[in-house]
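See structure below.
The values are calculated or read from the model by the stated rules, or taken from the named source; none is laboratory data. Please read these numbers as outputs of a predicted model, since none were measured by experiment. Cβ sites come from the backbone with ideal geometry, for glycine too, and all protein chains shown count toward neighbours.
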Amino acid sequence: MTIADILKYPVGYKFGGCELEIKHARKLRNPKDKGVWYQEVTLVDETGEMPADVKIGKRNPLRRTAEIHLIVAEIQRCETGKKIYIDQFSFPTQSEPDEWNPLLAPTDVRSRVKCWLVAANVEPGKNTDLVMTNLLAFAEHPMLEKVIDSILKG
């Protein structure tokens, strides 16, 4: 469910099950309820933005650019139109291993290791022409590929 969809519903409509990003997070406030804190935020997605009041519970403020998963929310009226009152929320977690894979392609890893090995052979204070000639010869050397293989295999 997007913010454009939420704006179509009437005041008092209860919903949940959508993920939105926090664009702005303002100060916490603690009304008469002991131990319950509220924070005013602006939620955003690709279709728009909307103000919201979030019931936090503990004094642990939400940060901007965080994503929250709405579990129980209600549309309420405010001075500027509509806002969302979020009673329960959670932070989304990665459920599928294919969603984000930080591993580089094997060719990328191999080229980075080769670059590090060649750069490690730079000797300061030497003639740059001689250093470049030696580095190019070192980078082309077949023994370097064996060293990279042994590093990658552990």
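Results, tabulated for the structure shown:
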| item | result |
| --- | --- |
| Top-ranked residue of the stretch 79-91 - restricted to ones that are under 18 Å from ARG29 (Cβ atoms) and surrounded by 16 or more Cβ atoms within 10 Å (Cβ to Cβ), ranked as nearest to the chain's Cα centre (by Cα) | PHE89 |
| Total residues in the stretch 1-19, condition loosely packed, with under 12 Cβ neighbours inside 10 Å and modelled with pLDDT under 90 | 1 |
| Search result, residues across the stretch 22-37 that are farther than 14 Å from ASP53 by Cα and either assigned to a strand (DSSP E or B) or outside the structural domain of PRO61 (by TED's automatic domain parsing) (or both) | none |
| Candidate set: the stretch 20-37, residues that are modelled with pLDDT of 90 or more and surrounded by fewer than 17 Cβ atoms within 10 Å (Cβ to Cβ); chosen: the one farthest from THR80 (Cα to Cα) | GLU21 |
| Residues within the stretch 33-55 that are within 21 Å of the chain's Cα centre (by Cα) and either over 13 Å from ILE3 (Cα atoms) or not small (Gly, Ala, Ser) (or both), tallied | 10 |
| Looking only at the stretch 126-144, and only at residues there that are at pLDDT below 70 and among the β-branched types (Val, Ile, Thr), the one that is surrounded by the most Cβ atoms within 10 Å (Cβ to Cβ) | VAL131 |
| Selected residue (criterion: farthest from ILE71 (Cα to Cα)) from residues of the stretch 1-57 that are of a type in the set (Phe, Trp, Tyr) and touching a residue at least 40 places away in the same chain (Cβ under 8 Å) | TYR9 |
| Single residue of the stretch 38-49 satisfying the filter (of a type outside the set (S, T, N, Q) and in a strand (DSSP E or B)) that is surrounded by the fewest Cβ atoms within 10 Å (Cβ to Cβ) | GLY48 |
| Subset of the stretch 79-106 [of a type outside the set (Gly, Ala, Ser), more than 30 Å from LEU152 (Cβ to Cβ) and modelled with pLDDT under 90] | GLU79, THR80, PHE91, PRO92, THR93 |
